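The structure appears right after this line, and notes come after that.
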């Protein structure tokens, strides 16, 4: 009897792991369907505070929804017009940039070897290949552009999510027996989420605009492109701003030399410290307390699952 009892936890663990693997494999196969819906959910969460604010001002919910959807559509169109040409041009010139970075990396390794450091050039060159970072940035932005071609599906999903958001408390009332206590906790949770996303969106927009202006003043190519990348990755806690800086600084190293790269890096450091450590905590209060390692591993895992 005891043997059967001891075996049950192990069997349950194995079944849970098998179910997890099956779910992850299914998500990888369905990524083309899942990603637009996840993006729609994210857009709805970001847009919900604006819609509820308009409703509190006395606008009917349908009119508030129409205004929010028009705002989302206009922002997407403006983003496509401003960034589309830069992205196409950058993607076309990417092989040239990669070749220059590869050459500079090889020269650096040869210089270090000349100082007597025993560095295996081929292995270290493959490990520290900065051209991969630029290729990953271009691929990510191109994937986002391809994803936005499903505009109608994404906007339609956003509409239904926002419509459901306004009627969700009524549905909870029908489901839950202890509605009053549950709705208090639910309202507190949703208010915190809406407040966090509203502040994060504002600070991300400020970060992207400041980065774009700084890089334009320095003279780096495609400042709007890097500003948009900084805006998007600022939603990733702790490490998003670091990831956004890498391709821009590498391009500055090619185009402007080491001095220009230092100026670009200084701009990212200044803007992210000012926004992340001064402005954002002033409005948001205490941080989320997330581990940078956990955030990074989650980013790698979900990037692999969802492409």
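Read-outs: derived from the displayed coordinates by stated rules, not from any lab. Because the structure is a prediction, the values reported are computed rather than measured. Here Cβ is always computed from backbone atoms with ideal geometry, including for glycine, and neighbour counts include all displayed protein chains.
The table that follows gives values for the structure above.
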quantity	calculated
Exposure proxy ranking, count of Cβ atoms within 10 Å, fewest first, for 189, 90, 73	189, 73, 90
Theoretical gain in end-to-end length, residue 99 to residue 75 [0.36 nm per residue, Cα-Cα removed]	5.1 nm
Residues residue 300 and residue 160, FRET efficiency given R0 of 30 Å [Cβ-Cβ distance, rounded to 0.05]	0.45
Pairwise FRET efficiency - residue 42 versus residue 82, Cβ, R0 = 30 Å, nearest 0.05	0.90
Separation of the residue 239 and residue 53 label points, Cα + 7 Å toward Cβ, nm	3.2 nm
Segment residue 34-residue 279, length gained on full extension (0.36 nm per residue, minus Cα span)	84.8 nm
Exposure proxy order (Cβ contacts within 10 Å, fewest to most) of 298, 86, 241, 16	16, 298, 86, 241
Footprinting exposure proxy for 195, 57 (fewest neighbouring C-beta atoms within 10 Å first)	57, 195
Added length on full extension, which subtracts the Cα-Cα distance from 0.36 nm per residue, residue 23 to residue 92	21.1 nm
